[in-house]
Amino acid sequence: MRGNAHAGFGERSAETDRWQHRHRAAGRLTHPGAQLRFTDADGLRLTAFATSTTDIPIAALELRHRQRARAEDRIRAARATGLRNLPLHDTAQNQIWLEIVQIALDLLAWLPMLALTGKTRRWEPRRLRLRLFSAAAQLVTTARRRHLRFARHWPWTEVITEAIARLEALPNPG
């Protein structure tokens with residue numbers, strides 16, 4: 001475990017006349033490293049889950065539970081990217097809209113892995129839109145080459161240029 005993270009695991013079994021079923025509970029007390037909620041006690045966050053799976057070690061179950069949270073993050077990103085509402089009236093038009101949203105989600109999934117570093121890798125779609133995708137730039141042609149020039153006063157120009165440099169450094173897949 002990292003830093004001041006603590007984990008406590010507990011198990012309990014419940015029986016009735018008709019069936020016997022074993023329940024297991026796992027809890028983790030961590031420092032969130034993010035915005036505190038009103039339920040956090042002394043700057044620590046308690047997360048817990050219960051399961052009836054008995055044949056998998058509790059640490060593996062906790063890993064599975066945290067991976068599920070990543071899937072829910074992707075769903076939240078999909079809703080923020082345009083999947084919340086279907087904007088058109090015709091089914092075929094909405095199908096095209098869904099294809100566009102899927103392309104945007106693929107780009108949002110690959111961009112942090114390939115081009116961004118540090119805290120910028122954890123930016124949500126809204127923050128990416130406001131800081132990176134809405135940056136003012138000019139496409140300038142000089143000596144038969146095209147250059148993208150970003151505004152110098154934009155606070156995230158360095159993040160954008162470093163991301164583009166990382167993408168250009170990738171090997172050609174074709």
Only Cα pairs under 8 Å and at least 6 apart count here; give the relative contact order of region 54-174 as a rounded whole percent.
-> 18
Give the Debye-formula value of log10 I(q)/I(0) at each listed q (0.19, 0.21, 0.30, 0.32 Å⁻¹), with one equal scatterer per alpha carbon of region 88-139, two decimals each.
-> -0.76, -0.84, -1.11, -1.17
Rounded to the nearest whole Å², what accessible area per residue is found for region 75-174 with the 1.4 Å probe?
-> 81
Protection-proxy order for peptides 139-152, 74-87, each taking the mean of Cβ atoms within 10 Å per residue, highest first | 74-87, 139-152
Potential lengthening between R121 and I100 on full extension [0.36 nm per residue; Cα-Cα distance subtracted] | 5.3 nm
Considering the alpha-carbon set of region 48-141 alone, what are its Rg and its Dmax in angstrom?
-> 18.2, 64
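The values are calculated or read from the model by the stated rules, or taken from the named source; none is laboratory data. Everything numeric in this text was worked out from a predicted model, so none of it was measured. As a convention, Cβ positions derive from the backbone with ideal geometry for all residues, glycine included, and neighbour counts pool all protein chains shown. Quick note on the areas: whole protein, heavy atoms, side chains included, nothing else; ligands and nucleic acids left out. Shrake-Rupley method; radii C 1.70, N 1.55, O 1.52, S 1.80 Å.
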